[in-house]
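Notes for the one structure printed next.
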Amino acid sequence: MIYFTLRTLCLLFLLVFPTTSMGQEVDWKPTVGEAVGTLQQYLRFNTTNPPGDVTGAADFLQDIFEREGITVKRYEAAPGKINLSARLKGTGDGKPILLLHHMDVVPADASRWDSVDPFGGEIKDGHIWGRGAIDMKGTGVLQLYAFLTLARQKVPLNRDVIFMAVNDEEIGGTMGTRYMLDHHYDELDPEYILDEGGIGSREIFVNGKLVFGISVAEKRALWLRLTARGIAGHGSQPHAQNPNDKLMHALNRLFSQPFPTVPNPVLDALVSRLGPLSPNQFTNAIRQTTVSLTSLRSGVGDPPKANVIPSLAVATLDTRLLPGMDAEAFLVEVKSRLGDEIDVEVIHPASQSVVTPHDTAMFRALSSAITRHHPDATVVPMIIPYGTDSRMFRLRGAKCYGILPLVLSAELIASIHGDAERIPVDQFETGIRIYYESLVEVATR
Ligand SMILES: [Zn+2]
């Protein structure tokens, strides 16, 4: 007990005054300068997916590690579809911690980017701009410099810390995380994974209150295609077999009442810490199972003829199920509301859901590192409404936490996948340090 207390005090001392037996004092200024330059260069590799060729980005990261004398392993799932890992060895007293990010990015329409090249890596108005600045090259660079600082400080580790960069996340991860899990899981076998998902914000959770949400679970996509069939005819003579009418009435029935729900312990934990959440599209989505009507297709000809009743009408639904929701039962409910005249086809089945517990050493380490740098912050576990690679790792038993440890405005959060993606330079130091201190705490315990 005395040992434990002394050890905890020492650790705190190391974190607050990083002049130590584990190495030189960490001089964060040059580390941060280097990280900023690295992200600028990293953003210049156009890793838009599709096609998602990450060769240049992977070579770039590999060079950085090799300059530090750290061996890199490359896993090429297909030409251009590269995953890579670098490892700091520990004594093996615990299973590894994996820092995970993806090198691929979603497309950017350069004509919509206001005076900035989405692949230019420019600094303007205190931000680094570019597709992937947040999602997820920026996150990867903060992780990278936490990892390199562990190496440079020669921090003695009781478990391996692995840095892994994957491809293909933005189109489902088949060549990235899925490939690594199918072929190389034994080499990784992590206890903890730090991935994307959560964020710090003064706006999206409770307006005016600084909240860091660390994602411990995600909603599951269930995509459906609805087809109504009818009889074609002349628009001048309406009849009862118009597929557009059938589809419209069915959709009205579907959305006329709330969707069934299930207990949501993660949300309960979040609300008990924060009180009522601000009403917005994000907090709406994390509370319940949602259904978005994402496409409607019908008509004869292109552009469709206004005077022809078609024989077919098709819609797609993007359903996002809460963890714990029975996908089969949900589907039965959807079909019964739509009625017999609508064919329902599952075009993307819901995966199983696993919730990572938040009563763990890593969650506590992240929380204390965050509150050390942001004393006014409340740290909560959360569900995210979108998918990340963590969903696959959770099914294999790894404890995954999604967190970019920066405070972002609602506008910056909205820039992810948008036309002005950018990351604030002045938060690089705290971002790297929150990762670094969490790793020191859990990997030297
Ligand atoms: Zn991402």
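Structure summary
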quantity	calculated
Residue ID - most open to solvent (accessible area, probe 1.4 Å), chosen from residues in region 278-301 that are of a type in the set (S, T, N, Q) and in a loop (DSSP other than H, G, I, E, B)	Q288
Contacts under 8 angstrom Cβ, first residue in region 199-220 being free of Cβ contacts under 8 Å to residues at least 40 places away in the same chain, partner open to solvent by 20 Å² or more (accessible area, probe 1.4 Å), 6 or more apart	G208/R202
Residue that is within 16 Å of the ligand (Cβ to nearest atom) and either at pLDDT 95 or above or within 16 Å of the chain's Cα centre (by Cα) (or both), where the choices are E170, E191	E170
Residue that is within 26 Å of S85 (Cα to Cα) and away from the ligand (no atom under 16 Å from the Cβ), where the choices are G132, G121, G126	G121
Inter-residue pairs, beta-carbon under 7 Å, first charged (D, E, K, R) and in region 272-283, second modelled with pLDDT of 95 or more and open to solvent by less than 90 Å² (accessible area, probe 1.4 Å), 6+ apart	R273/T378; R273/V380
Filtered residue count, region 135-166, keeping only those that are open to solvent by 10 Å² or more (accessible area, probe 1.4 Å) and under 15 Å from the mean Cα position of the chain (by Cα)	1
Residue in region 324-335 that is among the basic types (K, R) and touching a helix residue (DSSP H, G or I) at 6+ places or on another chain (Cβ under 9 Å) present	no
Given (1) modelled with pLDDT of 95 or more; (2) surrounded by fewer than 19 Cβ atoms within 10 Å (Cβ to Cβ), number of the condition R112 does not satisfy	(1)
Filter pass, I162 being within 16 Å of the ligand (Cβ to nearest atom) and aliphatic (A, V, I, L, M)	no
Cβ pairs under 6 Å, 6+ apart, first in region 101-113 and over 16 Å from S85 (Cβ atoms) and in contact (Cβ under 8 Å) with a residue 60 or more places away in the chain, second open to solvent by less than 10 Å² (accessible area, probe 1.4 Å) and near the ligand (Cβ under 9 Å from one of its atoms)	V105/G132
Top-ranked residue of region 418-441 - restricted to ones that are part of a loop (DSSP other than H, G, I, E, B) and out of contact with any strand residue (DSSP E or B) (no Cβ under 9 Å at 6 or more places or on another chain), ranked as nearest to M362 (Cα to Cα)	G418
Conditions (1) within 16 Å of the ligand (Cβ to nearest atom); (2) at pLDDT 95 or above; (3) open to solvent by 10 Å² or more (accessible area, probe 1.4 Å): number failed by Y185	(1)
Every pair of residues 6+ apart whose Cβ atoms lie under 6 Å, when the first sits in region 287-304 and is in contact (Cβ under 8 Å) with a residue 24 or more places away in the chain while the second is among the charged types (D, E, K, R)	T290/R320; S292/D318; T294/D318
Residues within region 410-431 that are at pLDDT below 95 and among the hydroxyl-bearing types (S, T, Y), tallied	1
Looking only at region 196-242, and only at residues there that are assigned to a loop (DSSP other than H, G, I, E, B) and in contact with a helix residue (DSSP H, G or I) (Cβ under 8 Å, 6 or more places away or on another chain), the one that is surrounded by the fewest Cβ atoms within 10 Å (Cβ to Cβ)	K209
Count - residues of region 406-430 that are more than 13 Å from the chain's Cα centre (by Cα) and within 16 Å of the ligand (Cβ to nearest atom)	9
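The values are calculated or read from the model by the stated rules, or taken from the named source; none is laboratory data. Keep in mind that this is a model prediction, so the values were computed, not measured. Heads up, the Cβs are rebuilt from the backbone with ideal geometry, glycines too, and the neighbour counts pull from every protein chain shown. Only protein heavy atoms, including side chains, enter the accessible area calculation; ligands, DNA and RNA are left aside. Shrake-Rupley method; radii C 1.70, N 1.55, O 1.52, S 1.80 Å.
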